[in-house]
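A.B. asks: I have a structure here, written as structure tokens, and I will follow up with some questions on it.
The values are calculated or read from the model by the stated rules, or taken from the named source; none is laboratory data. The structure presented is a predicted model; accordingly, all values stated were derived computationally and were not measured. FYI the Cβ positions are ideal-geometry reconstructions off the backbone, even for glycines, and counts take in every protein chain you see. For the accessible areas, the whole protein counts, side chains as well, though only heavy atoms, and no ligand, DNA or RNA atoms are used. Shrake-Rupley method; radii C 1.70, N 1.55, O 1.52, S 1.80 Å.
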Amino acid sequence: MSRIACKFGGSSLADSRQFLKVRDILEKDSRRSIVVVSAPGKRHSSEAKLTDLLYLCYDLSRKGMSIDSSFSLIRDRFLEIERELDLGATLAEELEAFRQQILKGVTRDFIASRGEYFSGRLMAKFLKAEFIDPKDGIFFDAAGRLDPKSYETLGRLLVDEKSKRYVVPGFYGADVHGDIKTFSRGGSDISGAIAARAAKAEVYENWTDVSGLLMADPRIVENPHPLDIVSYREIRELTYMGASVFHDEAIAPVREAGIPINIRNTNKPGDEGTNIVSKLPEVTQYDIAGVAGKKNFSMFSLEKSMMNKEVGFARRFLEVFENNRVSIEHCPSSIDSMSVVVASEEMGDKAEAIREEIQRVLQPDNLEVEHELSLIAVVGEGMARQVGMASRVFKALAESKVNVRIIDQGASELNIIVGVANSDYEKAIRSLYTEMIRTA
Ligand code: ASP
């Protein structure tokens, strides 16, 4: 039978009203039989996320301080949902046992995972579905990476039976010792992708509080267009370059299996949302998928005449960064000059040490280090097919008087990356967006 895996994020599970919306969504399509849940999120902006409260309990208990007030917020959230949905009063006792466990000392990951665990227990009861504990199906290897055997193990638990529904808590699995281990923050998206692949789902629906992805950051661009369709490759570039909504590690499990992702809005279930697919249709509405960027990069630029004749020059330059354990983001170069761009935060206070080592090892004619740079990517598979895309990018920047410090285009021609001063970041994003969504 064809099945759909649905992951519901924290805002889709924030209270009993949201649980009711989830049930309505599931009942609209009988293929929606795999349900992956986050921990309840905020009900309003001033409230704490349940997962944050759990981390707080861990920190407080380690310092020997009282967890009472934080824990009661957690307990009240769960008990309120249980009561309002008439699910009987069974969770109070388990929550008390959990409180005792925190006081006795359990791991940080175990504590954090209980947000999803109890959310899943409530949802399973509410939907009369089978509860699957991911500790029995999702595994990490000794290096802390997802063990691919998880697809098969979890798949065996998600037996494909007519009208049978499963609830799987997101965010965690078991390590090689069988102890609970969580993914990084926002990791329920990854669990959803794993469950979709394990169940050989037709689609992975990711239900959030927005009607899909936008073509630019709405904090910078007013009312950016929503994206109806985008490729895995484009989404990977966009999320890497700072666009949020979807965890970037959640792409691989479904991409490898060719399962499309559909990002949907629990509060507006009629909206089609964004489809993330492996192959775009021939004609798409816009030439680009979006504009995204990140601030705070540093660039080391050196010049040395005839450097192209010195065998191993580039390697020795890059090795300086490796020796200082700083990873490289970009590396634009020309005949007699070469630059390396790194994230300033990752470099920390090593800039001077790196500069000295470059000077000593490579003896450049000139070496400059610039900080407070932003990188902006204009992303779109269509860019390779279109003549004049680069000239539009630079025209837009020139017209808004933004000085371009870095130009980089990946071999894939999937994006054009420009570097500008941090102070020009917002202006550059706005002008690029306006120019690039203009249809010819
Ligand atoms: N609850 C976890 C977090 O807040 C995981 C998730 O919601 O995806 O990071």
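A.B. asks: List the number of the failed condition for Ile111; all other conditions in (1) open to solvent by less than 40 Å² (accessible area, probe 1.4 Å); (2) away from the ligand (no atom under 15 Å from the Cβ); (3) farther than 22 Å from Val22 by Cβ; (4) not basic (Lys, Arg) hold.
C.D. replies: Going through (1) open to solvent by less than 40 Å² (accessible area, probe 1.4 Å); (2) away from the ligand (no atom under 15 Å from the Cβ); (3) farther than 22 Å from Val22 by Cβ; (4) not basic (Lys, Arg) one by one, Ile111 breaks only (2).
A.B. asks: Sticking with this structure for a sec: Give segment 158-172 a look and list any residue that's more than 24 Å from the chain's Cα centre (by Cα) and either open to solvent by 70 Å² or more (accessible area, probe 1.4 Å) or touching a residue at least 40 places away in the same chain (Cβ under 8 Å) (or both), or say none.
C.D. replies: Within segment 158-172, Leu158, Asp160, Glu161, Lys162, Ser163, Lys164, Arg165, Tyr166 qualify.
A.B. asks: Then there's this: Out of segment 200-216, which residues are outside any loop (DSSP other than H, G, I, E, B), open to solvent by less than 10 Å² (accessible area, probe 1.4 Å) and either more than 16 Å from the ligand (Cβ to nearest atom) or within 19 Å of Tyr240 (Cβ to Cβ) (or both)?
C.D. replies: If the condition is that a residue be outside any loop (DSSP other than H, G, I, E, B), open to solvent by less than 10 Å² (accessible area, probe 1.4 Å) and either more than 16 Å from the ligand (Cβ to nearest atom) or within 19 Å of Tyr240 (Cβ to Cβ) (or both), then Asn206 is the only one that fits.
A.B. asks: I would also like to ask the following. Look through segment 385-413, keep the residues that are open to solvent by less than 90 Å² (accessible area, probe 1.4 Å), of a type in the set (D, E, K, R) and at pLDDT below 85, and return whichever of them is farthest from Arg233 (Cα to Cα).
C.D. replies: Asp408
A.B. asks: Go through (1) modelled with pLDDT of 90 or more; (2) closer than 20 Å to Asp408 by Cα; (3) open to solvent by less than 60 Å² (accessible area, probe 1.4 Å) for Pro332 and report which single condition fails.
C.D. replies: If we test Pro332 against (1) modelled with pLDDT of 90 or more; (2) closer than 20 Å to Asp408 by Cα; (3) open to solvent by less than 60 Å² (accessible area, probe 1.4 Å), just (1) comes out false.
A.B. asks: Now for a separate question. Residues of segment 158-199 being in contact with a helix residue (DSSP H, G or I) (Cβ under 7 Å, 6 or more places away or on another chain), more than 16 Å from the ligand (Cβ to nearest atom) and part of a loop (DSSP other than H, G, I, E, B), which ones?
C.D. replies: Hits for segment 158-199 are Leu158, Arg165, Ala199.
A.B. asks: Could you please give the count of residues in segment 131-152 that are surrounded by fewer than 17 Cβ atoms within 10 Å (Cβ to Cβ) and either within 13 Å of the ligand (Cβ to nearest atom) or at negative phi (or both)?
C.D. replies: Of the residues in segment 131-152, 9 are surrounded by fewer than 17 Cβ atoms within 10 Å (Cβ to Cβ) and either within 13 Å of the ligand (Cβ to nearest atom) or at negative phi (or both).
A.B. asks: Looking only at segment 345-360, filter to residues that are open to solvent by less than 100 Å² (accessible area, probe 1.4 Å) and outside any helix (DSSP H, G or I); which one of those is farthest from Asn324 (Cα to Cα)?
C.D. replies: Gly348
A.B. asks: Give the residue, chosen from Arg197, Arg219, that is free of Cβ contacts under 8 Å to residues at least 24 places away in the same chain and either of a type outside the set (A, V, I, L, M) or open to solvent by 10 Å² or more (accessible area, probe 1.4 Å) (or both).
C.D. replies: Arg219
A.B. asks: With respect to the numbered conditions (1) over 20 Å from Gly419 (Cα atoms); (2) open to solvent by less than 20 Å² (accessible area, probe 1.4 Å); (3) polar (S, T, N, Q), which one is the sole condition not fulfilled by Gln363?
C.D. replies: In the conditions (1) over 20 Å from Gly419 (Cα atoms); (2) open to solvent by less than 20 Å² (accessible area, probe 1.4 Å); (3) polar (S, T, N, Q), Gln363 misses (2) alone.
A.B. asks: Run down Val361, Val387, Val378, Val393 and say which single residue is free of Cβ contacts under 8 Å to residues at least 24 places away in the same chain and aliphatic (A, V, I, L, M).
C.D. replies: So the residue among Val361, Val387, Val378, Val393 that is free of Cβ contacts under 8 Å to residues at least 24 places away in the same chain and aliphatic (A, V, I, L, M) is Val387.
A.B. asks: Still on this structure: Looking only at segment 282-329, which residues are open to solvent by less than 50 Å² (accessible area, probe 1.4 Å), assigned to a loop (DSSP other than H, G, I, E, B) and hydrophobic (A, V, I, L, M, F, W, C)?
C.D. replies: Within segment 282-329, Ile288, Ala289, Val326 qualify.
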